[in-house]
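Scroll down for the structure; my scribbles are underneath it.
None of the figures in this text is laboratory data; all of them are computed from the coordinates on show. From a predicted model like this one, the values you see are computed outputs, not experimental measurements. Note that we place each Cβ from the backbone using ideal geometry, even for glycine, and neighbour counts take in every protein chain shown.
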Amino acid sequence: MSVLPPTGPELIRVKDCDLCRALKLTPWFFEDEICWIAECEICETPMVVWRFHGTTPPPEHLAHMRDRLRDVATAQLGEFWVDGHMRNIPDHYHAHARPKDGFFGRDRRR
């Protein structure tokens with residue numbers, strides 16, 4: 001079942017936001033109308049990014065993003081935990097999948 005983006009003035013994209021711009025600077029694992037998942041250029045872990053600017057996605061978008069991140073992270077990392085703390089870009093929802101017992105992608109056991 002596809003989750004369609006709702007319409008409304010709260011669903012915006014900001015011209016100068018790096019996450020809204022969605023430049024493909026690192027490998028991408030997934031993308032659709034709700035989110036994209038790529039390797040974070042700083043921590044080298046899968047990162048899900050909401051396609052709309054803001055910090056509070058609707059519940060159905062959040063569930064969709066968590067499901068897609070789980071699929072990608074399981075394939076890329078095996079066991080993982082979700083880090084929802086938005087350190088470097090605090091005004092645009094994104095979350096990282098971190099390797100079990102680690103923080104950076106290089107922490108995962110090869």
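Peptides 50-61, 76-87, 15-26, ordered by how many other C-beta atoms sit within 10 Å of their residues on average, highest first, read 50-61, 76-87, 15-26.
The HN-Hα couplings worked out from phi for segment 55-61 by the Karplus form 6.51 cos²θ - 1.76 cosθ + 1.60 (θ = phi - 60°) are 10, 10, x, x, x, 5, 5 Hz, whole numbers, x standing for Gly and Pro.
Rounded to a whole number of µm²/s, how large is the Stokes-Einstein D of the chain at 37 °C and 0.692 mPa s, given Rh as the Kirkwood radius over C-alpha pairs? My calculation gives 232 µm²/s for D. Each residue of segment 26-34 was assigned a 3J(HN,Hα) from its phi angle through the Karplus curve 6.51 cos²θ - 1.76 cosθ + 1.60 (θ = phi - 60°); the sequence is 10, x, 9, 10, 6, 7, 8, 6, 9 Hz, with glycine and proline shown as x. In this rough spin-label picture, where each label sits 7 Å from Cα along the Cβ direction, the GLU31-GLU44 distance is 2.4 nm. Taking other residues whose beta carbon is less than 11 angstrom from the beta carbon of ASP32, and scoring Lys, Arg as +1 and Asp, Glu as -1, yields 0.
Across segment 11-18, computed HN-Hα scalar couplings (Karplus, 6.51 cos²θ - 1.76 cosθ + 1.60, θ = phi - 60°) run 9, 10, 10, 9, 3, 8, 8, 4 Hz from first to last residue, x flagging Gly and Pro.
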